[in-house]
1. Hey, what number do you get for the chain at 222 nm if only DSSP H runs of n ≥ 4 count, each worth -39500 (n - 2.57), divided across all residues, to the nearest 500?
2. Return the whole-Å distance between the Cα centroid of the range 374-434 and the Cα centroid of the range 248-273.
3. Placing one identical point scatterer on every Cα of the range 232-306 and ignoring solvent, what is log10 I(q)/I(0) from the Debye formula at q = 0.24, 0.26, 0.27 Å⁻¹?
4. What Kirkwood hydrodynamic radius, in Å, does the chain give when the mean of 1/r is taken over all pairs of distinct Cα atoms and then inverted?
5. Normalised by the residues of the range 331-406, what does the relative contact order come to in percent, with Cα pairs under 8 Å and at least six apart?
6. Between S593 and H340, what FRET efficiency comes out of the Förster formula 1/(1 + (r/R0)^6) with R0 = 35 Å and r the beta carbon distance, rounded to 0.05?
7. Count neighbours as other Cβ atoms within 10 Å of each site's Cβ, and list the trypsin sites (Lys or Arg not before Pro) in the range 105-178 that are DSSP loop with at most 16 such neighbours.
8. Let me check I've understood the local charge: for R572, count other residues with C-beta under 14 angstrom from its C-beta, Lys and Arg +1, Asp and Glu -1. What total comes out?
Amino acid sequence: MAVPRSEKSQPSRLEELRAEIKRHDELYYRQALPEISDQAYDLLRKELDRLEADLDPLGLFSQVDEEKSKKTEPQVGDDRLESFASHRHIQPMLSLDNTYDEKEFFEFDKRLQKIFGTEQLCYVVEPKIDGVAISLTYQRGKLITATTRGNGIEGDVVTQNIQHIEGLPLQLSEPVPETIEIRGEIFMSHQEFERINLEREKNNLQLYANPRNLAAGTVKLLDPKEARQRKLEIVLYGLGACNPQNHFSNLSEFHQALKNWKVPSVEYFRTVPEAKDAWQAILELDQLRHGYGYPTDGAVIKLNSFAQHAEAGTTAKSPRWAIAYKFETERQETTLENIHLQVGRTGAITPVAWLTPVQLAGTQVSRASLHNADEIQRKDIRIGDRVVVEKAGEIIPQVVEVVLSQRSPECVPYSFPKTCPCCETSLERSEGEAAWKCPNLNCSEQVKGRLRYFASRGCMDIDHLGEAVVDQLVDQNLVTRTSDLYALTKEQALSLEGFAEKSAENLIQSIEQSKQRDLWRLICALGIKHVGAAAAKDLARTFHSLTNLSTASFDQLVSIDGIGEIMARSIREFFEDSQTHSLLEEFASHGLSPEIEMDRSTGSPWSGKTFVLSGTLQAMTRDEAAARIESLGGKASSSVSKRTSFLVAGPGAGSKLDKAEKLGVPVLDEPTLLAYLEKPETL
């Protein structure tokens, strides 16, 4: 029996869970680069809910719960990016509660029976599509805007990136409501996904992980021309706001209207008289889904009647009248040919199964995660075994179990190496951690990982520094740490395979241009544990230079919204390391020491003022506006609070504007902000 965590350890675990979930939200919603399956994420969420419930009797969360009860925004993930204009949904765009268990599905039905006082409720059953949630707003039948889910209240306007989708009607035929929001999913077919990856493979470019991630990235491309080069598809199934409200009485009528409008809709749609029939439809859909052109990972069950939707209501996150039943992930049997150890940029050793290729969830799989040494031992995985592989959430292949009945006598227990497979340094493992690590920071695989991360689009965004180039730079000992990039010469670049005069010049120029990157990008590129792009921006806005950040105290760090104790400790440990000191000195010697310039005079009317920018600005981007505010001594923040001095609201300001008005925060429009920027002393 597992030993329960002590009362003392629960608050610590709670903070760890919140930080971990926040990181996965950032990876999934904003970067479209999830590291774990939906099911693994759901388990983390459930553990968090249980832990909060366990600790509540101790009074530790009374204040938190009070604040939660005041919130009116849906508690869903947030996919919004600063570079996109925002649009407020007429009706909030919620996420669905989900279950993997038949018993829980029928408990959902029993809860609704109690609400309506009847044992028989009419449901509809349709596929749960693993794509990018989208909301289309039509006025008098004309498509006005296409918006991502965002935070459930407002999302990013991506109309320009999806107008080219084949079958998407820009005009609905009569009869049509005055205004209607139609919800659905943007997806990429397996065939198109494989076509794009084949082209990238020919050009020695890194392959995309799966269709869902690629679709999400394509929807958020800043260049619509590039988006048109990839074939996105759409399927629509959900109703948001509708004016007049009584235009449809139930979902069955709405789906018939979708067909009449020739809108791409789901291939499977069943109306059933009660829950037991809904369950049979779920089982039927599980058999049919493999033939669909889009990734389907479950079934969605909804009450048919819109009147019952209104009566059942919603929670802060999900409608009470709907649930998603997640299917068991697809599994295949194959042979584990070898176990390869990968060394990450932090030194973590990740074992990877090399498999006899097998078709799984629409793609060919030849590699799968084995997680860590303990997992290999627990499952007794051996080279040469027949193993069962699944694509968890149709994202990350992993070895589930060994087929012991087919084990050969030649298969011996796997002995996890004691030394790094790259530099042969003895591996170490800290107490409480699952992964073995190589402590040698000069290990070439770690150096390569740090360089790739440093140069990536989300960090220093250095063009012409791809994976193959990084490998050559490290293998030829031209670069041993990230600061060495700035000492690289054109002559050294010419020594690289495949480099000519022009390509060498381009590489050196890109590295030189990166010296002008924003401070937050360099903070993010340092690879501080737990610090992603959002935290890096907060740190840059607060401390204005690497020098100030490097000397910031623990108390100063935790006083920043979004910086918890775990992240603060990680930041302090990073900057207290002697190797960090020498790295920052080398950066500075090469001219890489960005600062946010600002007037520190306490006499400046901008000093100590906090501005929040929301909505679309016409004369400049929000980043440009934030830079000008900070140059005058003000602070640009991402969230509205009692400490906010001004909200600058452009079109689509949405929930931030509502909150500012509720808190009595002064609201400026863009012309007023421009006037103040022109004459700073008048603020």
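1. Calculated from helices alone, the mean residue ellipticity at 222 nm is -10500 deg cm²/dmol.
2. A separation of 47 Å, based on Cα centres.
3. These q points yield log10 I(q)/I(0) values of -1.28, -1.36, -1.39.
4. 28.0 Å
5. Relative contact order comes out at 31 percent.
6. 0.35
7. R140
8. With Lys, Arg at +1 and Asp, Glu at -1, the net is -3.
Values quoted throughout were computed directly from the atomic coordinates according to the rules given, and no laboratory measurement underlies them. From a predicted model like this one, the values you see are computed outputs, not experimental measurements. Note: ideal-geometry Cβ built from the backbone for every residue, glycine included; neighbour counts use all protein chains shown.
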